[in-house]
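Report on the following structure.
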Amino acid sequence: MGLLMSKEPPQPVVLVPPLFDFPPLAARTRMLESSYDMLFGKLALKSLFEDYFDEARHFTTRILLKPLDDPHVDLVATVSGPLDHKLGHVANAQFRWQSDVDDPHTFVDLSVGNTDPVLQIRSCAYYPKYGFGAFGIIPLLSKNRISSEDFGVMGLRYGTENLSFGMTVVPIHKPGEFPRSAWFISKMGRVTAGVKYEPLYGSKEDFKLKNMKNWSCAVGYGLGSGSPLSPSFNFCLELANSSQFIASFYQHVVVQRKVQNPFEENGIIGITNYLDFGFELKTRLEDNNASDKSQDSTFQVAASWQANKNFLFKGKAGPLSSTLSLAFKSWWKPSFTFSISATRDHTVGNSSFGFSIRAENLREARYERADPNFVMLTPSMEHIAESVLWKDRTRPFNQSDISVGNFDGLPKELRPLGKFL
């Protein structure tokens, strides 16, 4: 009896839930894009401004499944369209094979859809040891082949932790259309700077290197490890096509609050929340004489709050419209996500709704446990049962390790996207 009375109370812990969608799906195909289009906070801003903001009077249904017997392959199928059934819907499916389960940068995928291209194959091979990669996008079946890109695009890239450059070409191109695009980016401490060459038009004169409208440049200042367990921010200034100035800011904040759930254990005293904020301002530098000046300068702001592993609240506002969104996610196997968005059109003064449903088992992030000061992460009983994730774990994972970039003890879903630019 005395032994029972002297039992120590459970150690206070703080829940650290996974992000709704980390890593983002766009990160799986980032080797097909130029580093210029992925860096400077652009990937994070794209997710903040677009994910779970369902188009007004539209619905989206998406299924992301991976077979249990072969984790190297997966299928993503999407059906979307307006709620008015008289209008056409867009449907596509993508079958993907990935060489390494933990490395998404070497893969082959085959996509089919009811819009151009009807059948397309994409492939990428990247060798981290040497920093070189090659990729290609080949439309196999297409209703219309108008531009050179409709016949395929191929590219080469090189990347280290502080340098990235590459180029893309079209195998079937007109004279003077070489290269199709190119980029060069360098990182010095917390400052990243880069340039991109990409013609926007199709005539021979438009492809000349001396045409300043084909060039874009950007400089960004960023801080953070890239893991959702660490705060980060990025500020960027960009001159796009020598005609548009873009200023953007993105910040990811990790905060803790008291648990307001009576069903949690007594030892759980708090929970970690994720707050994201983004701002983007675009100003056209050209002096157009057109009477419509609405597109000369535009801006948008967005914010999101993940209260726990199940609920995500998002909102964005701009001069033309504002949108609020609520997403609920159940972490079953597969997980199900339902989101609904309300959009207010400021030009006509009416409101409308959109919604989406998703089923997924591609990302399987789970709860972590941390002490009240977020100093040490320890595995839960669910993690201990997952021997694959924790077979190399010999000690608790410290927050100090996260600060210095040591993420080996974390599940792969919570690690940064990669240690190269």
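The values are calculated or read from the model by the stated rules, or taken from the named source; none is laboratory data. Every value quoted in this text rests on a predicted model; they were computed, and no experiment measured them. Here the Cβ positions follow ideal geometry from the backbone for every residue, glycine too, while neighbour counts run over all protein chains shown.
Brief remarks follow.
- Looking at SER99, SER80, just one residue is assigned to a strand (DSSP E or B), closer than 30 Å to LEU324 by Cα and among the hydroxyl-bearing types (Ser, Thr, Tyr), and that residue is SER80.
- Residue in region 251-261 that is surrounded by the most Cβ atoms within 10 Å (Cβ to Cβ), counting only those that are in a strand (DSSP E or B) and of a type outside the set (Lys, Arg): HIS252
- The set of residues in region 128-150 being assigned to a strand (DSSP E or B) and over 25 Å from ARG363 (Cβ atoms) consists of PHE132, ALA134, GLY136, ILE138, PRO139, LEU140, LEU141.
- Taking region 172-250 and the strands (runs of 3 or more DSSP E) fully enclosed by it, the elements with 3 or more residues that are over 30 Å from LEU275 (Cα atoms) and modelled with pLDDT of 90 or more are at 181-188, 191-197.
- Test for SER6: is it polar (S, T, N, Q), at pLDDT below 90 and more than 22 Å from the chain's Cα centre (by Cα): yes
- Whenever a residue of region 251-277 is over 12 Å from VAL16 (Cα atoms) and modelled with pLDDT under 90, its partners that are buried (at least 17 other Cβ atoms within 10 Å of the Cβ) and not aromatic (Phe, Trp, Tyr), lying with C-beta atoms within less than 6 angstrom and at least six residues away or across chains, give the pairs LYS258/GLY270; GLY267/VAL13.
- Count of residues meeting criterion [basic (Lys, Arg), out of contact with any Asp or Glu (no Cβ under 8 Å at 6 or more places or on another chain) and farther than 22 Å from GLU161 by Cα] in region 97-140: 0
- Output for region 57-72, where each listed residue is in a loop (DSSP other than H, G, I, E, B) and either free of Cβ contacts under 8 Å to residues at least 60 places away in the same chain or within 22 Å of the chain's Cα centre (by Cα) (or both): LYS66, PRO67, LEU68, ASP69, ASP70, PRO71, HIS72
- Candidates are the residues of region 317-363 that are basic (Lys, Arg), surrounded by 13 or more Cβ atoms within 10 Å (Cβ to Cβ) and out of contact with any helix residue (DSSP H, G or I) (no Cβ under 8 Å at 6 or more places or on another chain); the one that is farthest from LEU83 (Cα to Cα) is LYS329.
- Here PRO24 meets each of (1) at pLDDT below 85; (2) crowded, with 17+ Cβ neighbours inside 10 Å; (3) touching a Lys or Arg at 6+ places or on another chain (Cβ under 6 Å) with one exception, condition (3).
- Given (1) acidic (Asp, Glu); (2) modelled with pLDDT of 90 or more; (3) in a helix (DSSP H, G or I), index of the condition ASP109 fails: (3)
- Scanning region 300-323 for residues that are of a type in the set (A, V, I, L, M), over 22 Å from LYS282 (Cα atoms) and assigned to a strand (DSSP E or B) yields a single hit, LEU312.
- For ASP84, the stated conditions do not hold, so it cannot be described as touching a residue at least 24 places away in the same chain (Cβ under 8 Å), acidic (Asp, Glu) and surrounded by 13 or more Cβ atoms within 10 Å (Cβ to Cβ).
- Verdict on ASP74 being within 17 Å of PRO23 (Cα to Cα) and either crowded, with 17+ Cβ neighbours inside 10 Å or of a type in the set (Ser, Thr, Tyr) (or both): yes
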